[in-house]
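First comes the structure, then the notes that go with it.
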Amino acid sequence: MRSESIEAGESRDAATAHLPAQEQCDRTHMQRLDLVAWALLIGGSMFLLLVTGLLMYLMDLQGDETVAYEQPAGKVLAVRSMGGLVASTLVETTLGFYAVSGGIGLSKADELILQTRANRRRYLCDTSQRCMPLL
């Protein structure tokens with residue numbers, strides 16, 4: 001099998017050896033143009049992916065500002081800090097438990113609202129619109 005491929009390679013070299021110098025130069029030029037075309041195609045595809053990713057990121061940021069709907073989350077009963085790699089807090093309300101990222105300062109009996117944003121992220125907010133993202 002290997003000897004056949006070597007022979008095939010030698011036959012290609014032998015086939016191009018008898019071509020005039022101009023035809024060999026044209027063939028080399030065409031191969032370079034093929035490489036340039038492939039490089040432009042790959043580079044253009046990468047650029048298109050980059051622009052698409054940037055647009056998706058900007059749309060996500062815009063969707064994070066728009067509140068799709070709100071629902072009551074209840075009154076605060078207890079707030080517990082949870083350990084781990086990421087600082088998080090567990091908020092117990094009259095309607096359930098909510099794990100939020102970061103530390104927060106809430107008073108007992110504060111009314112909380114559960115907001116769902118246009119990008120489907122959920123936030124736990126107090127009445128003064130201080131919002132914490134849910135984990």
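Say each of ALA78 and ALA37 gets a label point 7 Å from the Cα, pointing the same way as Cα to Cβ; how far apart are those two points in nm?
Label-label distance for ALA78 and ALA37, simple model: 7.1 nm.
Just the C-alpha atoms of region 69-135: what Rg/Rh do they give, with Rh taken as the Kirkwood radius?
Radius of gyration relative to Kirkwood radius: 0.94.
Using a 1.4 Å probe, what is the accessible area per residue for region 59-128, in Å²?
Ligands and nucleic acids excluded, the figure is 60 Å² per residue.
Given R₀ = 25 Å, FRET efficiency for GLU111-LEU50 by Cβ-Cβ distance, to 0.05? It would help to have the intermediate numbers written out before the result.
Details: r = 44 Å, r/R0 = 1.77.
With a Förster radius of 25 Å, E is 0.05.
Work the Kirkwood hydrodynamic radius out for region 18-118: mean of 1/r over every pair of different alpha-carbon atoms, inverted, in Å.
Hydrodynamic radius (Kirkwood, Cα only) of region 18-118 equals 19.2 Å.
The values are calculated or read from the model by the stated rules, or taken from the named source; none is laboratory data. Small disclaimer: the values here were computed from a predicted structure and weren't measured. Cβ coordinates were reconstructed from backbone atoms using ideal geometry, including for glycine residues, and neighbour counts include every protein chain displayed. Note: accessible area is taken over every heavy atom of the protein model, side chains too, but ligands, DNA and RNA are not part of it. Shrake-Rupley method; radii C 1.70, N 1.55, O 1.52, S 1.80 Å.
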